[in-house]
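*Asks:* Dumping the structure here so I can ask a few things about it.
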Amino acid sequence: MNTSLSKKFFWITFLFSVFQIHAFAQTKSPKFKVLALNEAGGHHVEYSKTARVWLNELAKDNNFTIDYLTKTDPINDEYLSQYQLIIQLDYVPYAWTPVAVAAFENYINEGKGGWIGFHHATLLGEFDGYKIWPWFSDFMGGIRYKNYIADFAAATVNVENKKHPVMKGVPASFLVKKEEWYIYDKSPRPNVDVIASVDENTYSPDSKIKMGDHPVIWSNKKYKAKNIYIFMGHSPVLFESDVYKTIFKNAIFWAVKK
């Protein structure tokens, strides 16, 4: 074969290989699919906007996909069957359609996928004309929302279960710069596995709105679905914290694995 033909053959082979690699990258199936629920408006929307940017980048880098919903109308058993993880990203446990309620309960009870809840997921009580969702209250440890620190406070969170996979790479304690700490009618501790709690003595500024025993990260092993609730989730400044992002990322990859 002469030199000219050899060069042509080389470049044809090279370009074909590049095309194959590119085509493979384009058609590579995602490792898993995530459904994220976030509110369309309200004072948590800035957190959700920042979370979505971060989540989309994480999904791109780790080959998984995320679909977002701002209302529960599409949710039924068939709809949820395509997802390996549900993230309740500042989404309240009321005003869901009856079909969505039944499908979600089935998804968690039967362990059809994992679940991560943030902040607003424990806004349990009578709100906006809706009654409390008893099943969801039990899922969260039998609690009912009671009050919150409306003017915000910084505080130190202490890790109680350092061996939990979601706490990998997380220090024994860490600062949360801004949060509207909720309190409940009782501690969920007797009914859940507490992973971390806030030290109310570190509130800055101090507040009289305190629980005493105040878990902020926990899991409920009574349900088949792997689940974790992370209270912190009001302000977008949370995504300035490497610790917070580590917890969030760990939670995703832990909860999605059966």
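The values are calculated or read from the model by the stated rules, or taken from the named source; none is laboratory data. On a predicted model such as this, the values are computed, not experimentally measured, just so you know. Here Cβ is always computed from backbone atoms with ideal geometry, including for glycine, and neighbour counts include all displayed protein chains. For the accessible areas, the whole protein counts, side chains as well, though only heavy atoms, and no ligand, DNA or RNA atoms are used. Shrake-Rupley method; radii C 1.70, N 1.55, O 1.52, S 1.80 Å.
*Asks:* Could you check the simple spin-label distance between K60 and K222, using points 7 Å along Cα→Cβ, in nm with one decimal?
*Replies:* It works out to 4.2 nm between the two label points.
*Asks:* To the nearest 20 debye, what is the magnitude of the charge dipole of the range 113-258 about its Cα centre, counting +1 on the Cβ of each Lys and Arg and -1 on the Cβ of each Asp and Glu?
*Replies:* Its charge dipole is roughly 800 debye.
*Asks:* Another question, then. Give the relative contact order (percent, whole number) for the range 70-112; include only Cα pairs under 8 Å separated by 6+ residues.
*Replies:* 61
*Asks:* Note the direction-averaged projected area, equal to a quarter of the hull surface, for the Cα convex hull of the range 37-135, in nm².
*Replies:* Averaged projected hull area, Cα only: 6.4 nm².
*Asks:* Ignoring solvent entirely, what values of log10 I(q)/I(0) come out of the Debye formula for the chain at 0.15, 0.17 Å⁻¹ when each Cα is a single scatterer?
*Replies:* Per q value, in the given order, log10 I(q)/I(0) is -1.08, -1.40.
*Asks:* Something else: Of the heavy-atom accessible surface of the range 173-219 (probe 1.4 angstrom), what whole percent is carbon and sulfur?
*Replies:* That share works out to 46 percent.
*Asks:* Pairs of Cα atoms under 8 Å, at least six residues apart: use those to get the relative contact order of the chain, whole percent.
*Replies:* Reported as a whole number, the value is 19 percent.
*Asks:* Something else now. If you roll a 1.4 angstrom probe over the protein chains with everything in place, what fraction of the accessible area of the range 41-140 belongs to carbon and sulfur, to the nearest %?
*Replies:* Answer for the range 41-140: carbon and sulfur cover 51 percent of the accessible area.
*Asks:* Taking the Cα atoms of the range 131-238 alone, what are Rg (to one decimal) and Dmax (as a whole number) in Å?
*Replies:* Rg then Dmax for the range 131-238, in Å: 13.7, 40.
*Asks:* Using θ = phi - 60° and the Karplus relation 6.51 cos²θ - 1.76 cosθ + 1.60, list the HN-Hα couplings for the range 43-58 in order, rounded to whole Hz, with x at every Gly or Pro.
*Replies:* Values per residue, Gly and Pro as x: 7, 9, 5, 5, 4, 4, 4, 5, 4, 5, 4, 5, 5, 4, 5, 4 Hz.
*Asks:* Taking a ≥ b ≥ c as the square roots of the Cα gyration tensor eigenvalues, with a/c under 1.5 meaning rounded and otherwise prolate when a/b beats b/c, else oblate, which class fits the range 73-125?
*Replies:* Because a/c hits 1.5 or more and a/b fails to exceed b/c, the range 73-125 counts as oblate.
*Asks:* When the helix-only estimate is applied to the chain (DSSP H runs of n ≥ 4, each -39,500 (n - 2.57), divided by the residue count), what is the mean residue ellipticity at 222 nm, nearest 500 deg cm²/dmol?
*Replies:* The helix contribution divided over the chain gives -9500 deg cm²/dmol.
*Asks:* How much accessible area per residue does the chain have, in Å², with a 1.4 Å probe?
*Replies:* Accessible area per residue, the chain: 51 Å².
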